[in-house]
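The values are calculated or read from the model by the stated rules, or taken from the named source; none is laboratory data. Remember, it's a predicted structure, so these values are computed and weren't measured experimentally. Cβ sites come from the backbone with ideal geometry, for glycine too, and all protein chains shown count toward neighbours. Ligands, DNA and RNA are stripped out before the accessible areas are found, and what is left, the full protein with its side chains, is counted by its heavy atoms. Shrake-Rupley method; radii C 1.70, N 1.55, O 1.52, S 1.80 Å.
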Amino acid sequence: MSEFISYLESHWDDLLELGIAHALVVAVSVAIATVIGVALGIATYRTERPRELVLAITGFFLTIPSLALFGLLISPLGLGWPPVAVALVMYALLPIVRNTVVGLREVDPAIVESAQGMGMGRARRLLRIELPLAWPVIMTGMRVSTVIVVGIAAIGAYVNGPGLGEDIFRGLRRIGNPETALNLVLGGLLGIVVLAILFDLVYVLLSRLTTSRGIR
Amino acid sequence: MTIKIRLENLTKRFPGEREPAVDSLSMEIPEGEIVILVGPSGCGKTTTMKLINRLIEPTSGRIFLEDEDVTKVDPDGLRRRIGYVIQQIGLFPHMTIYENIATVPKLLGWNRAQISARVDELLTTIGMDPATYRSRYPKELSGGQRQRVGVARAMSADPDVMLMDEPFGAIDPITRDRLQNEFLRIQSEIKKTIVFVTHDIDEAIKMGDRIAILRDHSHIAQYDTPEAILVDPADDFVAEFIGRGAGLKRLNLSRVNDIEMSECATVQAGADRDEVRRALGETDRCVLVLDEQRRPRRWVNADHLELVGGRSLTEIGLPADAVVRPYSTLSDTLNEMLVADYATAIVVGDDGVYQGVIDIDTINEAVRGMRAAERSRLADRLGEGG
């Protein structure tokens, strides 16, 4: 234990650097997934067939083992950031699309009808009424996606991706030196746990700031 | 009488349904009146109303607002000119009361000062203090307050026309009655053209300047004033829809000052017995004892005078408690009479001073007079037409 602590003391700047890269790739991926997911949700929430199709496809993404997906993405995208970001976006889609659809469909039809009856067009209704009311549900989807993706991002080190996975994989390669291996893996793991907690705090703050007091 | 809304052979067929929901409806709605669409569920009254602001697009037929054909104009622009209130109210829960009411003015591009002044004016009109309520959210209001805000929101851009679909439907009876009265008071000042949908014939009679009773496919069974419909229902469907007690409902439409009061014998509280006997004369009825301010106190007849000697006039006889005001409805007046010890209603002014009395014969007479008047009016109209 004391050795792990002294390991942390001597390597904290490396860990911090890896942690920041990890957080960055997660944040960028979830942001891209949110843009795509919300758009897909908006495009399909009123029509049954396309909605089922989109949910089936994004659901299928989540069943692909991450190692396999990273491997598959090497040939079109190479190593490093691109395959990791693309894979993470694919994993983050389902919760966001699903919650966007659920959130939009849960908006009270009477509210939408009165907006329409007052002369709000389709786009304005969506932007001013439906999306703000669905927003807390969409945020919940983003939060779930983030938790999923924080873990999977570690595996991205397999294709030279950024983040704390690098330490974990280095550790795994040094099985012959158990002490160093353990320290490296534990350090990476600790970083990921801390990151997950930090992301959650950010979401709590974000939902406070972006949800109207009238629907909290 | 200017026609504000004209519907011409309006028909709506929903895809996949054999019968049209609204079948070739033609109707004229006069400016400044409340026109009620009333009928059993499924008769197409709500569909008809939504055809007017084209929330439902008609299959065929035309809609005129004043003289403009609005069947094909931009629907959003049309809707911004027409206030819209629904039973569920549909306030935007994520917006403050201010933002809710400001919705249409913002769409129309009013400037901030104009909008702010208008919102405050409307909140004051509906009896809600602007400073207190502007920045509240809908969830912080009671049901009645939300309904008021819903109406204020529909009036925000001062539209000439308002559509109201069972606006007071989801509220408890006491609040509903208060909101109805409040709305009638506001309407008497703003004189909007209002199309009002309800399934409740009593609400229709209370609120309507004119009532259209609809049967299936929005066919008009009768379209007339409440008085005429009550006195002379067009057919069995209308009669059945009005239900029993049309005569009693009719009494809701007239007030004490619409009919002629009668006089009765009165004495001052300080009068002596002989004076009372003189006032009684030959009748076996009561005299009304008034106090110094001429407010009614007791009913006294000859028997009361015999039975108790020596007590003052304000301590004998029957209490004079069936008191009504000139603006009370005849229905309320009749009710007062029925529950009082002495079955005559006393009319007093707001200061409590005696003005006259109404008894059952007076009401009977009045009702007969109203019926004759309605009949002759109908006859005149038929005469003109034919």
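Details
- In percent, rounded to a whole number, the relative contact order of segment B:163-282 is 16, using alpha-carbon pairs under 8 Å and six or more apart.
- Scanning chain A for DSSP H helices at least 15 Å long along the axis (C-alpha atoms) with a Kyte-Doolittle mean no lower than 0.0 picks out A:2-44, A:48-63, A:66-77, A:81-106, A:131-155, A:178-210.
- Helical runs assigned H by DSSP (4 residues or longer) give chain A a calculated mean residue ellipticity at 222 nm of -28000 deg cm²/dmol, each run adding -39500 (n - 2.57) before division by the residue total.
- Cα centroid separation, segment B:107-141 to segment B:170-186 (Å): 21 Å
- The trypsin sites (Lys or Arg not before Pro) of segment B:195-252 that meet both conditions, a loop assignment by DSSP and at most 11 other Cβ atoms within 10 Å of the site Cβ, are B:ARG244.
- Ratio of the Cα radius of gyration of chain B to 2.2 N^0.38 Å, where N counts its residues: 1.24
- Taking 0.692 mPa s as the viscosity and 37 °C as the temperature, the Stokes-Einstein diffusion coefficient of segment B:1-141 based on its alpha-carbon Kirkwood radius rounds to 188 µm²/s.
- Protein heavy-atom surface of segment A:38-194, 1.4 angstrom probe: 67% of the accessible area is carbon and sulfur, with nucleic acids and ligands not counted.
- Computed across segment B:113-200, the Kirkwood hydrodynamic radius from all distinct Cα-Cα pairs reaches 13.7 Å.
- Averaged over residues, the count of other Cβ atoms within 10 Å places the peptides B:56-62, A:199-205 in the sequence B:56-62, A:199-205, highest first.
- Inter-chain Cβ neighbour average for residues A:64-71, partner chain, 10 Å: 0
- Under 26 Å of direct C-alpha separation, and excluding same-chain neighbours fewer than eight residues apart, B:LYS249 reaches these lysines: B:LYS45, B:LYS191, B:LYS192, B:LYS206.
- Charged-residue dipole, Cβ positions (Lys, Arg, Asp, Glu), chain B about Cα centre, Debye nearest 20: 1520 debye
- Per residue Cα convex hull volume in Å³ - calculated over segment B:234-313: 160 Å³
- Peptide A:114-127 has a mean of 6 when you count, residue by residue, the C-beta atoms of other protein chains within 10 Å of its C-beta.
- Note on segment A:92-138: Kirkwood hydrodynamic radius from all Cα pairs is 10.9 Å, rounded to one decimal.
- Most to least packed among B:172-184, B:141-153, A:165-177 [average Cβ atoms within 10 Å]: B:141-153, A:165-177, B:172-184
- Each Cα pair of the protein assembly as shown feeds into the Kirkwood radius, which the Stokes-Einstein equation turns, at 10 °C and 1.306 mPa s, into a diffusion coefficient of 52 µm²/s.
- Peptide-level mean, for B:125-138, of C-beta atoms on other protein chains within 10 Å: 1
- Overall, the anisotropy analysis places segment B:31-97 in the oblate class: the square-rooted eigenvalues a ≥ b ≥ c of its C-alpha gyration tensor yield a/c not less than 1.5, with a/b not exceeding b/c.
- Straight Cα distances below 15 angstrom link B:LYS4 to the aspartates and glutamates B:GLU28, B:GLU31, B:GLU33, B:GLU66, B:ASP67, B:GLU68, B:ASP69, B:ASP160, B:ASP209, with same-chain residues fewer than 8 positions distant left out.
- Whole-angstrom gap from segment A:111-186 to segment A:1-18, using each part's C-alpha centre: 26 Å
- Chain B, relative contact order [Cα under 8 Å, separation at least 6], %: 15 percent
- 222 nm mean residue ellipticity, helices alone, for chain B (DSSP H n ≥ 4; -39,500 (n - 2.57); rounded to 500): -11000 deg cm²/dmol
- Counting only Cβ charges, +1 for Lys and Arg and -1 for Asp and Glu, the dipole size of segment A:1-94 around its Cα centre is about 740 debye.
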